[in-house]
Amino acid sequence: MRTQICIIGAGPAGLLLGHLLRAEGVECVVIERQTPDYILGRIRAGVLEEITVSLMARLGLDARLKAEGLPHGGFNLADGERLIRIDIADLTGKQVVVYGQTEVTRDLMAAREERGLEVVYEAADVALHDVESDAPFVTYTKEGTEHRVDARFVVGCDGFHGPSRKAIPANVAKEYLREYPFGWLGILADVPPCNHELIYANHERGFALASMRSESRSRYYVDVPLTDRVEEWSDERLWDELAVRLGPEAAAHMTRGPAIEKSIAPLRSYVFAPMRHGSLLLCGDAAHIVPPTGAKGLNLAASDVHYAAEALTGYFRRNDAGAIAAYSDTALARVWKSERFSWSLTRLMHRFPEDGPFERAMQVAELDYIATSRAAQTAIAENYVGLPI
Ligand code: RFL
Ligand code: PHB
């Protein structure tokens, strides 16, 4: 098969990019290892920045997002008894929307046929070839047959474990990695949220987050040592822990229920540079990971895709290769700012095992400062709502 762009990975980044290119009349095909059901079974992000919402709107695929998404004009930082509200609407004039990554992906998947976006699911042994040339190609096997896709560009949207990043030679690349000494244990349950806005809590027993997917579905997290296994956390133990860490006020409004999903995700900060090499571009988790504390991962994937779609459309529609040459620097400038924010909020809200009284005093001082300074709150709010693209 021959196409203009071969996209690897049909997560949110790959599907969003595919739709944006099709909307501009650019040819593309998406190659995905898993089944649609498997992808929709992964419970991940919940908070959308304006950039992500506006891309869905530009595609005209935001009907359900508009109807079911919950606009949030603020969120809370809890430290012991104290609750600090960050009024993002007042501080920035903008808001975020609570709408699950699963639902974004479902909406993008549902529009495939109508928009003429071809996605090959259950493709095994996906491999990239000749990415340094102007004629790269991708091979994969499906149902025992080997296939080849020839393209002008390949875009790796295949997440942290996919093959795309590995196709960039080590001698031209640089990796930046920070691993954290804990993971987030998450629970999804069909119970009403304990609060109408998110609460990020720093408690002496550890971090907790009260989030939601709708008025009747809640998502909660606690941080746990990396050695913990999900089986060690019965629903009851987890609800008890959440009640303690989130504090008496939230606990009084917390409804318990059986877990629909429960899993542990390790936390890391990771950046791979450059995000383009020859005819290969990387978008989303394929190039970078943020700890989930800032709710930035999916939104960064969306901003990468925005830059990549503009660059690729410019190439095919206006014969302009300038934005492709600049893609890595353009995307990385925004990536690093989100890395900084996610890292600093993680540092502020978690108890690190190596921390002593001094580090804790720094957290308290910073939370005090945030509680009393509109400037500090504005800095947090404008990062949380999403920096400009
Ligand atoms: P994905 O979603 O991992 O999709 C990659 C796709 O590539 C496929 N793939 C392959 N396809 C073909 N051949 C191969 N060899 C392949 N290998 C992999 C995979 O099957 C998959 O379908 O990456 P993408 O599209 O870049 O999207 C990134 C987001 O998924 C991620 O950044 C967010 O989920 C991160 N994240 C959050 N982001 C936010 O913006 N807000 C949040 O509130 C938020 N909360 C979270 C999160 C991530 C979490 N976990 C579990 C990591 C909460 C959690 C708990
Ligand atoms: C979620 O609802 O899954 C969620 C919300 C905010 C975060 C991370 C995850 O910072």
Exercise for review: Calculate for the chain the 222 nm mean residue ellipticity that helices alone would give, adding -39,500 (n - 2.57) per DSSP H run of length 4 or more and normalising by residue count, nearest 500 deg cm²/dmol.
Suggested key: -11500 deg cm²/dmol
Check your understanding: What helices does the chain have that are whole DSSP H segments, at least 18 Å long along their own axis by Cα, and with mean Kyte-Doolittle hydropathy of 1.0 or more?
Key -> none
Check your understanding: What list do you get for Thr52, Thr330, Thr293, Thr35 if you sort them by fewest beta carbons within 10 Å?
Key -> Thr35, Thr330, Thr293, Thr52
Practice item. Could you calculate the FRET efficiency of Val230 with Asn319 from 1/(1 + (r/R0)^6), where r is the beta carbon distance between them and R0 is 45 Å, rounded to 0.05? Key: 0.30
Exercise for review: Determine, from the Cβ-Cβ distance of Ser373 and Ile260 and an R0 of 56 Å, the FRET efficiency 1/(1 + (r/R0)^6), rounded to the nearest 0.05.
Suggested key: 0.90
Review point. Cα-Cα over 24 Å: which of Lys142/Lys262; Lys142/Lys174; Lys66/Lys262; Lys94/Lys296; Lys142/Lys296; Lys262/Lys337?
Key: Lys142/Lys262; Lys142/Lys174; Lys66/Lys262; Lys142/Lys296; Lys262/Lys337
**Study point:** Contour minus Cα-Cα distance for Glu146 and Asp190 (0.36 nm per residue)
**Key:** 11.5 nm
Practice item. Taking the Cα centre of segment 1-107 as origin, sum charge times position over the Cβ atoms of Lys and Arg (+1) and Asp and Glu (-1), and report the length of that vector in debye to the nearest 20. Key: 280 debye
Review point. Can you sort His350, His288 so the residue with the fewest Cβ neighbours within 10 Å comes first?
Key: His350, His288
Check your understanding: Taking 0.36 nm per residue of separation and subtracting the Cα-Cα distance, what length does fully extending Ala124 through Lys94 add?
Key -> 6.6 nm
Point to revise | Efficiency of FRET from Cβ geometry, Ala57 and Lys166, R₀ 30 Å, rounded to 0.05 | key: 0.30
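Every read-out reported here was derived from the displayed coordinates using simple, explicitly stated rules and does not represent laboratory data. Remember, it's a predicted structure, so these values are computed and weren't measured experimentally. Using ideal geometry, Cβ is built from the backbone for each residue, glycine included, and neighbour counts are taken over all protein chains shown.
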